[in-house]
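Comments concern the structure below.
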Amino acid sequence: NAKDGAGYWIYHQQGSWTSVPALADGKLLVTMSDAHLVSGLDAESGKSLFEAPVPLNVFSGASVLGNFAYVGSMDGRVYRVDITSGKSTVIFQTEGSRKYRPHFFDETGKLRTGLEEEYKDDFTRIYADFLKMGSILSTVWIADGTLFFGSADGCIYALR
């Protein structure tokens, strides 16, 4: 409540932190980094409407165009999330992601077993290796129907 500072509701995602939320069609769209999710919450009640999984961390906010939210991920992919159904679809993948993703993910798209052992819980080293996939850490900017974003591969992309 802007007048007295009292909160209307609280939503807590265990073990994760969030980005700047986006608001679209009465839905609050929040990326949950360590939970690997894009969450859709009812802006009025805080009720969870959907959780769209992504395979790795999302450090940016969601950007909305029409019925879709767009987010980049550490895995070098851009995901389009239908904000009505919560279904997510890959719409772009960096060259680094095509090349290095098999080192981290199995054929089903899940993180490979044994990564903890391989990296000996050295999160600095594993995150440095994740960046080889062309991690998309920036928020997608949308202008005139074009998606703009930067990647850890040093490129700026424009998708129409």
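Readers should treat all values here as calculations from the given coordinates under stated rules, not as data from a laboratory. No experiment lies behind these values; they were computed from the predicted model shown. With ideal geometry, Cβ positions are generated from the backbone for all residues, glycine too; neighbour counts draw on all protein chains shown.
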Pairing the Cα long axis of helix 95-104 with the longest principal axis of the chain, what angle in degrees results, from 0 to 90 and rounded to the nearest 10? 80 degrees
Please list, or write none, the aspartates and glutamates whose alpha carbon is within less than 13 Å of the alpha carbon of Lys132, excluding same-chain residues fewer than 8 places away. Asp75, Glu95, Asp153
Within the range 1-71, DSSP-loop trypsin sites (Lys or Arg not before Pro) with at most 12 other C-beta atoms within 10 Å are Lys3, Lys47
Do the sum for the chain: with -39,500 (n - 2.57) for every DSSP H run of n ≥ 4, divided by all residues, what is the mean residue ellipticity at 222 nm, to the nearest 500 deg cm²/dmol? -4000 deg cm²/dmol
Among the range 1-30, those whose backbone N falls under 20 Å of a label point 7 Å along Cα→Cβ from Ser45 are 1, 7-13, 23-30
Using the basic label-point model (7 angstrom from Cα toward the beta carbon), what is the Ala128 to Lys99 distance in nanometres? 1.8 nm
Tell me, what HN-Hα J-couplings in whole Hz come from the Karplus equation 6.51 cos²θ - 1.76 cosθ + 1.60 at θ = phi - 60° for each residue of the range 125-132, using x for Gly and Pro? 5, 5, 5, 4, 6, 4, 4, 4
Among Asn1, His12, Phe104, pick out the residue whose Cα is farthest towards the positive end of the charge dipole of the chain, where Lys and Arg carry +1 and Asp and Glu carry -1 on C-beta, about the Cα centre. Phe104
Calculate one ³J(HN,Hα) per residue across the range 30-43 by plugging θ = phi - 60° into the Karplus curve 6.51 cos²θ - 1.76 cosθ + 1.60, and present them in order as whole Hz with x for glycine and proline. 10, 8, 10, 4, 6, 7, 6, 9, 10, 9, x, 10, 5, 5
Given +1 on the Cβ of Lys and Arg, -1 on the Cβ of Asp and Glu, and no further charges, what dipole in debye does the chain carry about its Cα centre, rounded to the nearest 20? 340 debye
Candidates for percent of Cα pairs over 25 Å apart are (1) 37; (2) 32; (3) 28, and the calculated one carries label (2)
List, in order, the whole-Hz ³J(HN,Hα) value for each residue of the range 109-114 obtained from phi through the Karplus relation with A = 6.51, B = -1.76, C = 1.60 and θ = phi - 60°; use x for Gly and Pro. x, 8, 4, 4, 5, x
